Amino acid sequence: MLQSKEKFNLILFFGLILLIVSFLPSAAKAEIAISNIEVVDMINRTAHIKWSTYNNPTKGIVYYGLTPDQLDDSIAYGSYSYTHDVALTGLLRDQDYYYRILAIGEGEDVVESYVQLFSTDNMIDTVKPEFDKQEIVEIRGDAVALYWTTNEKTQGRVYYGTDSEDLDKYTSKTKLGLTHEVVITNLDRGTNYYLRIIATDEDGNERLGKLLRVNTYSEIQTTKAQTTLTINNFKPQGYDETLIFPTRVVLSWQSNLAGKSRIYYGTSENKLSKKIDVTLVPRSRYHKVVLADLLPETIYYYKVEVYDAVYSKKLTSAVRTFETAKESGESVVGGDYSANLIDSDLDGLEDSYEIEIGTDPTDSDSDDDGYSDKIEVDHGYDPLGSGKKAIFAYVKPRINNAIESVKASELRDLIESQVGKLRISVQDWYKLVNAYIYGEYPVEAIIKAIQYSGKTVHPEIPWQSWSKSLDYQNYINR
């Protein structure tokens, strides 16, 4: 048996060991590491990005875009896990996509991956396209004009005939796009025709449109006057305070045949140097344009042209005039006929809404990609650049644009009631509107962001998270 002194020495020895161990630094927690990144299941405009953080459970955010320095889209993985799978939706075909992964640990430590790249060149599509619109634009004695839109780029062909069970004639295919127009000519007069549109996407998926029925005008109904293109019903005819203002004017006219239209105008009758394409798709018999940035109390000259009408008709009007109002008359715009009702570029989006989302209210195609701002907004595409946004802002999809516009106006009123007239750029205002609507930032935080260069508003992180940051805490109470 051990003597009492030996026992004491052993106890003292182990006690010292325990004491030393207690003062040693605790084992460092393993750092977060993002590994096994892969892009899989690329089908139907969707791709899955998978990765692992085997040593730590984490949340994640994937930022992605069409260029490595503009990863403007994002989607979050909201629960802590060791393995992660995020679906990117609404992807374009034949595109290179760049992305990086942000991993957030339970202790709020953050690790980012390098920017990665994948291509959708070989993406499979098995989903049939959908029709958004199918319209008969015009019916004549021996011609019919059709217009339709699809939710993705397609080619279209119209099958037609006098027997609904045997559509034995067809048109040539339209170009690949979202909007389509076809004029069918050489039809028999006074005859019932059945028509069906077939839309085919790039992978060969077909969608049959509804069966349409038209009745062409009879020989008696069709006169030379009805097949000769005319332009009439110009407005305004004289001074009209609801249409003429100091710096803008609302002009309209009609044509008896549906067609495209443009206007030429200027301050000299012999030099109509400015041109605006007014009616493009679909063809129409009703044409309207808002001429902006005009000089007050100035006589302007203009002529209009209707072209690509049914029967391939084209006609240019005589030169006409109007005189803008005095500068003091500008207050009329703030009355019943306000900017909220004006659609200067006639793309289907009111000027006030275009200002809110950052597009150009005088340019129907702000990003010059061949598709109008209205078409891109309606189909979920970005009207200010390439790509389709499944997630719009703060990892949320876009709400109805009418509701968004109301909320944007609400935000402006709340801010101006506290700090007076806003003087910020359109792009900065666009970001603040998104923060208010999608990021759930309070008005107080947005006002501080205006005053302190954005410190209290983060363009990607929602208020609930950003309100805990040092930047937010340091500036919100100033």
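General remarks:
- Candidate set: region 38-66, residues that are in a strand (DSSP E or B) and among the aromatic types (Phe, Trp, Tyr); chosen: the one farthest from the chain's Cα centre (by Cα): 51
- Selection from region 159-178 of residues that are buried (at least 20 other Cβ atoms within 10 Å of the Cβ) and touching a residue at least 40 places away in the same chain (Cβ under 8 Å): 178
- Residue among 455, 396, 407 that alone is under 25 Å from residue 108 (Cα atoms), in contact with a helix residue (DSSP H, G or I) (Cβ under 7 Å, 6 or more places away or on another chain) and modelled with pLDDT under 85: 455
- Restricting region 422-449 to residues that are modelled with pLDDT of 85 or more and outside any helix (DSSP H, G or I) leaves a set whose member that is farthest from residue 72 (Cα to Cα) is 442.
- Candidate set: region 66-95, residues that are of a type in the set (D, E, K, R) and over 14 Å from residue 116 (Cα atoms); chosen: the one surrounded by the fewest Cβ atoms within 10 Å (Cβ to Cβ): 94
- Scanning region 316-339 turns up one or more residues that are closer than 24 Å to residue 262 by Cα, part of a helix (DSSP H, G or I) and either of a type in the set (Asp, Glu) or modelled with pLDDT under 70 (or both).
- Scanning region 216-224 for residues that are at pLDDT 90 or above and either of a type in the set (D, E, K, R) or assigned to a loop (DSSP other than H, G, I, E, B) (or both) turns up nothing.
- Annotation note: of 95, 134, the sole residue that is over 18 Å from residue 283 (Cα atoms) and of a type in the set (S, T, N, Q) is 95.
- Scanning region 450-478 for residues that are part of a helix (DSSP H, G or I) and of a type outside the set (Val, Ile, Thr) yields 451, 463, 464, 465, 466, 470, 471, 472, 473, 474, 475.
- Criterion violated by residue 150 - all others in (1) polar (S, T, N, Q); (2) farther than 20 Å from residue 43 by Cβ; (3) free of Cβ contacts under 8 Å to residues at least 60 places away in the same chain satisfied: (2)
- Being modelled with pLDDT of 80 or more, under 27 Å from residue 78 (Cβ atoms) and of a type outside the set (Gly, Ala, Ser) is a property that does not hold for residue 419.
- Of the criteria (1) outside any strand (DSSP E or B); (2) in contact with a strand residue (DSSP E or B) (Cβ under 9 Å, 6 or more places away or on another chain), which one residue 153 fails: (1)
- Of all residues in region 156-190 being among the β-branched types (Val, Ile, Thr) and in a loop (DSSP other than H, G, I, E, B), the one that is nearest to residue 144 (Cα to Cα): 185
- Check on residue 154, at pLDDT 90 or above, outside the structural domain of residue 312 (by TED's automatic domain parsing) and farther than 30 Å from residue 279 by Cβ: no
- Those residues of region 291-317 which are of a type in the set (D, E, K, R), farther than 23 Å from residue 239 by Cα and touching a helix residue (DSSP H, G or I) at 6+ places or on another chain (Cβ under 9 Å), in sequence order: 313
The values are calculated or read from the model by the stated rules, or taken from the named source; none is laboratory data. Given the structure is predicted, the values throughout are model-derived calculations rather than measurements. Quick reminder, even Gly has a Cβ in these numbers, built from the backbone with ideal geometry, and neighbours come from all protein chains shown.
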